[in-house]
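Enquirer: Dropping a structure here in structure tokens format, bear with me for questions.
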Amino acid sequence: MADLDLLVLGSGVAGLSAAVRAAEIHGMRVGVVTKAELQQATTRWAQGGVAAVLGGDPDSTDLHLADTLAAGAGLCDVDAVRVLVDEGPSRVHELIALGAAFDRDPEGRLELAREGGHSLPRIVHAGGAATGAEIERTLVDAVRAEVSAVYESSFALDLIVEGGRCRGVLVADLGGRRTEVRATNVLVATGGYGQLFAVTTNPKEATGDGVAMAIRAGVAVADAEFEQFHPTALHHPAMPRPLLSEALRGHGALLRDSHGERFVDELLSRDKVSRAITARMIEQEVEHLWLDATDLESFADRFPTIADELTKVGLDPATDWLPIAPAAHYSCGGILADLDGSSSLPGLWVAGEASCNGVMGANRLASNSLLDGMVFGPRVVEAIDRGVDGPAATGAMRSVLGGGDIGGRPIELPPANSTAVPDREELQRTMTAHAGVLRSAESLTAAAVACAGQVTGDDLESWELRNLATVGRLLCAAALAREESRGAHTRTDFEGIRDDLRLRFVAGG
């Protein structure tokens, strides 16, 4: 096969949105590489919905922008957020045109939910809390109809870099056979690194592969310290942890401590609620607290997916308080990008959770993640079609190229030493205990030690562990450098925000 015009790594909303647009609208030769089956992506687990101002209500894109900036704790790029809120509504309508069925009221109007950090209801959803699954279904159907080559059960090992640009990816199948897949452009849409932690809402595939490949290739990566924890994951042995959607609190569910007392405003942003829950758990020496949804009417009709999950574990939300604890949920940092999704390496593009484009800042506003992928995945395709080749001083890329009000400070990724990285489960437990919701210099140093060794195996599990350790080293280095508490990053030894640290810590580039 001749070189592809675009090779997409990952099969979530960002990658598949780009693949469909490139193939269907621009006639590009497109390939998609995914570790499992096409539909097995983090997008599938997204419950809450898509935040977008669709008109016909008192909401406005300016309010959506303001809410996003507030959640981002001073590190959002305003221009990037403006792109998100302005272009988002049309992307939602395009998805509906592709066949996505969002929930509607009896009059046929889209139902809108409110979640933490949002000033008004603006979340469109499907199946109550099965939005990601509906979006994934829609995009997978379109990709199978339009895309030239699909590589399922294939693992992207490393970028092919020649002559100062990305030329493709080295891919391994489940049997270990390796193939070079060449392309003029490569889009990293591999998601985040939630599997760094023992308690996570992310599927087992979320091992930071795209970010780790970029780190090894010297591509600029930023904001790695900002791992968002969802405050209300169901406390249960199942993994990934079932998510009790933000929409439950938007509809009136209450958080209660081990004594049954309320202790936090349920509609604060996720970082604040997660901190409050973790602090109260430590204070009361318990492993979980409670979400009280007993006053919510028509629970099973509003939230059928969550109701099914609760039934499986023997809980009835009409009578039972639901055990909850924070779980790693969304990686706010990643490969540094401009507003077109261009990385610091020509030919390499990034969109979705693997990116740091300036939208999320220090903490993601609820239900902006699907929108981010839907907006910035297609922007990559449009830039390629225009002949763009290399980054511009826009979005988060201004932190290294200049022109913005958020600067960048370089940090070094500590090299791996001669010790062995512990096995995956031990590494995850160490990161949860020492680099989770609450951190300190002492705890982060302990976490860094666990990530600092070598992984000698060459099977796919070893590659995943190697990638986790690589991203973990960078996360710990950035978290140690950020001697403040901002957004999803909380240092118990450095309370409050420092004006001189309103910047991005950038490795590589």
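Computed from the coordinates by the stated procedures, all read-outs in this text should not be read as laboratory data. In this text the structure is predicted, and so the values were computed from the model without any measurement. Note that each Cβ is placed from the backbone with ideal geometry, even for glycine, and that neighbours are counted across all protein chains shown.
Enquirer: What is the distance, in nm, between label points placed 7 Å from the Cα along the Cα-to-Cβ direction at LYS312 and at ASP458?
Expert: With each label placed 7 Å out from Cα toward Cβ, I get 3.8 nm.
Enquirer: May I pose another question? Expected output is a single nm value to one decimal: the length gained when fully extending between GLU146 and ILE25, i.e. 0.36 nm times separation in residues minus the C-alpha distance. What is it?
Expert: 42.6 nm
Enquirer: Could you calculate the FRET efficiency of HIS93 with SER418 from 1/(1 + (r/R0)^6), where r is the beta carbon distance between them and R0 is 45 Å, rounded to 0.05?
Expert: 0.25
Enquirer: Separate question: Given H placed 1.01 Å from N in the peptide plane, which residues other than close sequence neighbours of THR490 have an amide H under 5 Å from its amide H?
Expert: Close amide H contacts, sequence-distant or interchain: ARG439.
Enquirer: Please work out the C-alpha center-to-center distance from the range 1-37 to the range 407-481 and express it in whole Å.
Expert: Each part's Cα centre sits 31 Å from the other's.
Enquirer: At a threshold of 8 angstrom on Cα-Cα distance, excluding pairs fewer than six apart, so keeping six or more, what relative contact order does the chain reach in percent?
Expert: 21
Enquirer: Shape of the range 409-507 from its Cα gyration tensor (a ≥ b ≥ c, root eigenvalues): rounded if a/c is under 1.5, otherwise prolate when a/b > b/c, or oblate?
Expert: It is prolate, given that a/c is not under 1.5 and a/b is the larger ratio.
Enquirer: Moving on. Averaging over all projection directions, find the projected area of the Cα convex hull of the range 1-392 and quote it in nm² with one decimal place.
Expert: 18.8
Enquirer: If the reach is capped at under 27 angstrom between alpha carbons, list the lysines near LYS312, excluding any in the same chain fewer than eight residues apart.
Expert: Straight-line reach from LYS312, under 27 Å: LYS204.
Enquirer: Check ILE411: other-chain or 5+ apart residues with amide H under 5 Å from its amide H, H built from backbone geometry?
Expert: Amide H neighbours of ILE411: VAL506, ALA507, GLY508.
Enquirer: For a quick protection proxy, order the peptides 153-159, 257-263 by their average other-Cβ count within 10 Å, most packed first.
Expert: 153-159, 257-263
Enquirer: Then there's this: Taking the Cβ-Cβ separation of ARG409 and ARG262 as r and a Förster radius of 56 Å, what is the calculated FRET efficiency to the nearest 0.05?
Expert: Working from the Cβ atoms, E equals 0.90.
Enquirer: With the crude spin-label approximation of a point 7 Å out along Cα→Cβ, what separation in nm comes out for GLU287 versus SER153?
Expert: In this crude label model, GLU287 to SER153 measures out at 3.5 nm.
Enquirer: Specify the inter-centroid distance of the range 149-217 and the range 351-385, based on alpha-carbon positions, in whole Å.
Expert: Here the two parts' Cα centres lie 18 Å apart.
Enquirer: Divide by every residue of the chain the summed helix terms, -39500 (n - 2.57) for each DSSP H run of at least 4, and state the resulting mean residue ellipticity at 222 nm, rounded to the nearest 500 deg cm²/dmol.
Expert: Calculated from helices alone, the mean residue ellipticity at 222 nm is -10000 deg cm²/dmol.
Enquirer: Can you give me the relative contact order of the range 409-507 as a percent, contacts being Cα pairs under 8 Å and 6 or more apart?
Expert: Relative contact order here is 36 percent.
Enquirer: Still on this structure, I have one more. Cα convex hull of the range 149-262: mean projected area in nm², to one decimal?
Expert: 10.7
Enquirer: Quick check on packing: order 15-27, 317-329 by the mean number of other C-beta atoms within 10 Å, highest mean leading.
Expert: 15-27, 317-329
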